[in-house]
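Inspection log for the structure reproduced underneath, given as structure tokens.
The values are calculated or read from the model by the stated rules, or taken from the named source; none is laboratory data. Just so you know, these numbers come straight off a predicted model, no measurement behind them. So basically every Cβ, Gly included, is an ideal-geometry build from the backbone, and we count neighbours across all protein chains shown. To get the accessible areas, we keep the full protein, side chains included, count just its heavy atoms, and leave off ligands, DNA and RNA. Shrake-Rupley method; radii C 1.70, N 1.55, O 1.52, S 1.80 Å.
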Amino acid sequence: MYGIGITLTQFMLDEQRRYGASGHFTGVLNDIATACKKIASLTSKGALVGVLGSANTENVQGEVQKKMDVITNEIFIEALQNNGNAAALASEEMEEVYNLPENKPRGRYLVLFDPLDGSSNMDINVSVGTIFSILRAPNGVRNPTEKDFLQPGVTQVAAGYCLYGPSTIMALTAGNGVNMFTLDRDCGEFILTRENVQIPADTQEFAINMSNERYWEEPIKRYIKECVAGKDGPRGKNFNMRWVAAMVAEIHRILTRGGIFTYPFDERVRHDSNGGKLRLMYEANPMSFIIEQAGGMAHTGYERIMEIQPTSLHQRIPVIQGSRNEVDLVVSYHRPNDD
Ligand code: F6P
Ligand code: MN
């Protein structure tokens, strides 16, 4: 326990001392915090600084990029490529691994990020976020390649997100619980505001895009049908539904008051992306690490997300995350012969 009110910098230096972490690790987190502060500033200014709307380009997944997708990606590169903490970068917004310029010093960590999750919310002034995952770089490799990044989620050294909402909040885990820091804009520091966050094991709140129902598999159809049936159905209690359309905001809500978030298997993309919409490396793995560290559960319905061996940088998978007992129930519906 460190004490509510200390700064993220103090927190990281304490961790570094306690666990003998390298200065590079503290440095990477510091670079990420710098990027998030810059993004927080831009999101709060919005139309005043001309950052709303489309960039009229497409990312590797063929999605139209928002201006802020491009700008925030640049902010992350700028923050991470100069200080000798990161070894290489990978982003949802870049097709290939980003190797640092030849004249820059190399650090020990691979950093993966979704620089602006839920970016279409920007134009309607609703919450957006950043998600990041930190992996160890292989020893002695100057310019890591895609295969060096293809590590299962269980090998993550740290992961976190930053939510740009009414306030800006960073949640962080380095495998020793989850802590949350709120950005104090007056002093420019992230301040520890919640320690050792725990997700309630039970919930009566679910988050899913209901408009896709006809493309789901039977286990998810059954689960949601039972939730919607409320106290008159097999669950015997009423459920509430929420959908912010930004994963960071959904996961933050779950860390705050419990719940289940799922972007489940979708028949339309069975063949081209394993039935998934969300990205394993930039979204599912870091969020699974955080959820598990807060006592929750993260699964595809068929396997624990963090144990999946990635096969490509931009791979997608189905995601079911949140309160432990609820995710466990959904997983049980995926087992053959369950009634
Ligand atoms: O990054 C993908 C994402 O924007 C998530 O943040 C969010 O949960 C989801 O897609 C929203 O999906 P939809 O457009 O189906 O509501
Ligand atoms: Mn995203």
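Observations on the structure shown:
- The label point for Ala55 and the one for Asn238, both projected 7 Å from the Cα toward the Cβ, are 4.4 nm apart.
- Carbon + sulfur, % of accessible area of the chain - ligands and nucleic acids excluded, 1.4 Å: 48 percent
- At an R0 of 56 angstrom, the distance between the Cβ atoms of Ala229 and Asn83 translates into a FRET efficiency of 0.55.
- Beta-bridge orientation, the chain: approximately 85 percent antiparallel, per DSSP, counting only bridges with both partners inside.
- The residues of the chain expose, per residue, 42 Å² of accessible area to a 1.4 Å probe.
- Computed lengthening from Arg142 to Ser312, 0.36 nm per intervening residue step minus Cα-Cα distance: 59.1 nm
- Kyte-Doolittle mean at least 1.0 and Cα axial length at least 24 Å: DSSP H helices in the chain: none
- Cα gyration tensor shape for the stretch 1-134, rounded if a/c is under 1.5, else prolate or oblate: oblate
- For the stretch 208-213, 3J(HN,Hα) computed residue by residue from phi via the Karplus equation (6.51, -1.76, 1.60; θ = phi - 60°) reads 7, 7, 4, 5, 8, 3 Hz, glycine and proline entered as x.
- Between Ser54 and Lys67, the built amide H atoms are under 5 Å apart, and every one of these is 5 or more places off in sequence or on another chain.
- Beta bridge orientation in the stretch 205-334: antiparallel %, DSSP, nearest 5: 70 percent
- Relative packing of peptides 160-171, 324-335 - highest average C-beta neighbours within 10 Å first: 160-171, 324-335
- Long pairs among Lys66/Lys277; Lys147/Lys221; Lys147/Lys277; Lys67/Lys225, criterion Cα-Cα beyond 30 Å: Lys147/Lys221; Lys67/Lys225
- Helical runs (DSSP H, four residues minimum) scored at -39500 (n - 2.57) apiece and divided by the length of the chain put the mean residue ellipticity at 222 nm at -9000 deg cm²/dmol.
- Across the options Ile291, Trp243, Ile220, the greatest Cα extent toward the positive end of the charge dipole of the stretch 205-334 (unit charges at beta carbon of Lys, Arg, Asp, Glu) belongs to Trp243.
- Charge tally around Met170: other residues with Cβ under 14 Å, Lys/Arg +1 each, Asp/Glu -1 each, net -1.
- Think of each Lys and Arg Cβ as +1 and each Asp and Glu Cβ as -1; about the Cα centre, that makes the dipole of the stretch 8-194 roughly 620 debye.
- Sequence-distant residues sharing a close amide H with Gly129 (under 5 Å, placed H): Asp117, Tyr164
- Relative contact order for the chain, counting Cα pairs under 8 Å that sit 6 or more residues apart, in percent: 15 percent
- Near-label residues of the stretch 203-227 by backbone N, under 19 Å of a point 7 Å along Cα→Cβ of Ala245: 206-215
- Around the Cα centre of the chain, unit charges on the Cβ atoms of Lys, Arg, Asp and Glu (plus for the first two, minus for the last two) sum to a dipole of about 440 debye.
- Derived scalar couplings between HN and Hα for the stretch 172-185 equal 9, 10, 10, x, 9, x, 10, 10, 10, 10, 9, 6, 8, 5 Hz in order, rounded to whole Hz, by the Karplus curve 6.51 cos²θ - 1.76 cosθ + 1.60 (θ = phi - 60°), x for Gly and Pro.
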